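K.L.:
Pasting a structure here, questions to come.
Readers should treat all values here as calculations from the given coordinates under stated rules, not as data from a laboratory. From a predicted model like this one, the values you see are computed outputs, not experimental measurements. Cβ: placed from backbone, ideal geometry, glycine included. Neighbour counts: every protein chain shown.
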Amino acid sequence: MIDCDKNSKILVAFLVFVAIPLWSGCGGVYDSTVSGVVSLDDSALPRGTVSYNPAQPGPASYGLIESDGTYFIRTGREEGLPPGEYTVTVVAKEEAVLEDPNSSLPPTPGKTITPPWYLSKKTSPLKMTVEPGSNEINLELTSDPPADWELEPKKRRKRRR
């Protein structure tokens, strides 16, 4: 004769180890993924960083620009990001220059090639909506400033007396 209590325990164990992970999904911590290509004046950027800065409180998400201009967004160590509204920033520089191969000093950083309005979430015109699921968002940057662009003056420090 089979003990019903034993069968109940087997069923509960099955639900815990098999069914619950199916309910939570297999996609990882975040509901959305974002990838795409970054270009400046119709040419793919060969390096740099893309940042997705949320409109609501939450962590920013980042991705490195690969040599072919592609990027994939991560939040910390996890793939993806929460769905929602974002301001996107892009920072790309020329390749670092090694001035003296015999020097122990690090290479001189390359000149910034991204126009200044894309560098800060305060000035970036790139406003994106990330939907749940997979999102392909190509970032087509231009050297022409936005109509309302004004270079923010650098703040001067007051001298202490």
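K.L.:
Filter region 42-64 for residues that are of a type in the set (Ser, Thr, Tyr) and over 16 Å from Val29 (Cα atoms); which is surrounded by the fewest Cβ atoms within 10 Å (Cβ to Cβ)?
P.N.:
Checking each candidate, the answer is Ser43.
K.L.:
Being in contact with a Pro (Cβ under 8 Å, 6 or more places away or on another chain) and surrounded by fewer than 14 Cβ atoms within 10 Å (Cβ to Cβ) is the filter; apply it to region 95-127 and report the residue that is farthest from Tyr52 (Cα to Cα).
P.N.:
Across region 95-127, the extreme among qualifying residues is Glu99.
K.L.:
Another one. Residues of region 65-81 being in a loop (DSSP other than H, G, I, E, B), buried (at least 16 other Cβ atoms within 10 Å of the Cβ) and within 11 Å of the chain's Cα centre (by Cα), which ones?
P.N.:
Once the filter is applied, which keeps residues that are in a loop (DSSP other than H, G, I, E, B), buried (at least 16 other Cβ atoms within 10 Å of the Cβ) and within 11 Å of the chain's Cα centre (by Cα), region 65-81 yields Ile65, Ile73, Gly80.
K.L.:
When region 128-149 is examined, which residues are found to be exposed (fewer than 13 other Cβ atoms within 10 Å of the Cβ) and not in a loop (DSSP other than H, G, I, E, B)?
P.N.:
Selection gives Thr129, Gly133, Ser134, Glu136, Glu140.
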